[in-house]
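Single-structure report; data block below.
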Amino acid sequence: MANSHLTSNSSAQKHVVVVGGGLSPEREISLASASSVRQALSNIGYRVSFIDMDTDVAIKLLTLKPDVVFNCLHGIFGEDGCLPGLLNIMKLPYTHSGVFASSLAFNKIKAKEWFRLIGIATAESIVIDKTDGTRKPGDPMDRPYIIKPCANGSSIGVKAIFEGDHFDFTNYTFPYGDKILVERFIKGKEFTVAVLNGEALGIGEFHLFKSKRFIDYEAKYSEGLPTFSCPASISNIVQTELLASSEKIYKSMDCRGPARIDFILEEESEKLFVLEINTHPGMRSTSFFRRIAETCGGINMECIVDKILKSASCNFE
């Protein structure tokens with residue numbers, strides 16, 4: 001019944017172009033998300049076309065003449081604000097966050113500065129620039145710590161360094177850009193909050209196997225790693241803080257459509273720290289955002305994509 005309502009009142013045979021794939025290391029994840037989105041859009045009556053993001057994306061968009069663009073890219077050129085900027089110039093409405101929110105959230109260094117600015121706790125960290133000539137021998141901070149590329153998603157390039165690890169920071173090669181974030185490792189429980197159009201839908205909790213130190217790429221995309229529960233088993237106090245902090249971050253950054261915000265509850269201090277915000281959460285059936293939306297929010301995939309489309313906009317005025 002819900003799907004027929006969406007078909008009759010929302011789609012009206014609008015032409016939606018889904019942009020996915022692309023040129024980033026997260027290409028395969030994006031293609032999987034795009035496949036799920038295309039199916040859901042078709043189910044509720046939208047006319048759907050697909051573009052595999054490349055340097056000719058503007059030409060393809062001019063040819064297809066969409067009513068709206070569904071930005072299903074992950075990583076560089078889509079999640080970092082590049083595609084939204086192009087679509088603003090082309091005066092094409094598009095889903096997900098605009099240039100400012102996308103670029104701010106994607107840059108881990110600037111995002112951490114923003115979290116601090118609005119009063120949300122985040123782990124102590126330092127920025128190291130390969131090009132400034134100030135790198136010294138030895139560890140940049142006391143172990144354990146985390147190395148994060150400045151701009152990458154899906155935990156690609158993230159590395160945890162513990163006492164006893166055979167790792168010499170002097171030999172670190174900066175494989176994902178000249179700047180990195182070195183962050184204090186926090187031991188505790190990890191949570192993620194799904195936000196859609198400004199409303200926090202619910203909270204999921206990660207349960208890592210002992211072989212994993214943190215939620216890395218393999219843990220996010222391998223079946224069974226990590227185990228994930230939704231809703232999270234937490235106190236009302238922690239739940240309230242997680243939901244309120246997520247909505248505060250989302251709204252302060254001027255996000256739009258879906259987002260997923262990750263936190264860790266430190267074991268020793270029982271204090272919450274924000275880890276990062278993802279303005280392009282995955283849309284596969286196993287994705288954390290989708291599972292929270294369906295389980296906690298009671299929203300199926302067709303309703304998710306319809307709500308995202310209704311938030312589509314274009315900042316060309």
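Where the alpha-carbon atoms of region 21-102 are placed on the principal axes, they occupy 32, 27, 24 Å, in descending order.
Taking the chain as a Gaussian network of alpha-carbon nodes connected by springs under 10 Å, the highest mean-square fluctuation of the residues Pro258, Pro137, Pro149 belongs to Pro137.
Ordered from highest to lowest accessible area with the whole protein assembly present and a 1.4 Å probe, His166, His280 read as His166, His280. Segment Asn236..Arg116, full-extension length gain: 40.8 nm, with 0.36 nm per residue of separation and the alpha-carbon distance subtracted. The residues of the chain expose, per residue, 45 Å² of accessible area to a 1.4 Å probe. Structure remark: mean-square fluctuation, Gaussian network model of the chain, C-alpha springs under 10 Å; the largest value among Lys108, Lys130, Lys307 belongs to Lys130. Pairing the Cα long axis of helix 236-252 with the longest principal axis of the chain, what angle in degrees results, from 0 to 90 and rounded to the nearest 10? Compared with the principal axis, the helix lies near 70 degrees. At 1.4 Å probe size, what's the solvent-accessible area of Arg291? Round to the nearest 10 Å². Ignoring ligands and nucleic acids, Arg291 comes out at about 80 Å². Please tell me the relative contact order of the chain in percent, rounded to the nearest whole number, where contacts are Cα pairs under 8 Å and at least six residues apart. Dividing the mean separation by the residue count of the chain yields 21 percent. Modelled this way, with points 7 Å down the Cα-to-C-beta line, the labels at Leu208 and Asp139 are 1.5 nm from one another.
Placing unit charges on the Cβ atoms only, positive for Lys and Arg and negative for Asp and Glu, gives the chain a dipole magnitude near 600 debye about its Cα centre.
Using a probe of 1.4 Å, the accessible surface attributed to Tyr46 totals some 20 Å² when neighbouring protein chains are kept in position.
Restricted to Cα atoms, the chain shows a radius of gyration and a Dmax of 19.7, 65 angstrom. When the Cα positions of Ser30, Ala151, Ala123 are compared along the charge dipole of region 1-151, Ser30 comes out farthest toward the positive end, with charges on each C-beta of Lys, Arg, Asp and Glu.
Of the residues Ile59, Ile249, Ile203, the one that moves most in a GNM of the chain with alpha-carbon contacts below 10 Å is Ile59.
Take the Cα of Lys187, step 7 Å toward its Cβ, do the same at Glu124, and the gap between the two points is 1.7 nm.
The values are calculated or read from the model by the stated rules, or taken from the named source; none is laboratory data. Predicted model only: the values in this text are computed from it and were never measured. Quick reminder, even Gly has a Cβ in these numbers, built from the backbone with ideal geometry, and neighbours come from all protein chains shown. Surface accessibility is based on the protein's heavy atoms, side chains included, excluding ligands, DNA and RNA. Shrake-Rupley method; radii C 1.70, N 1.55, O 1.52, S 1.80 Å.
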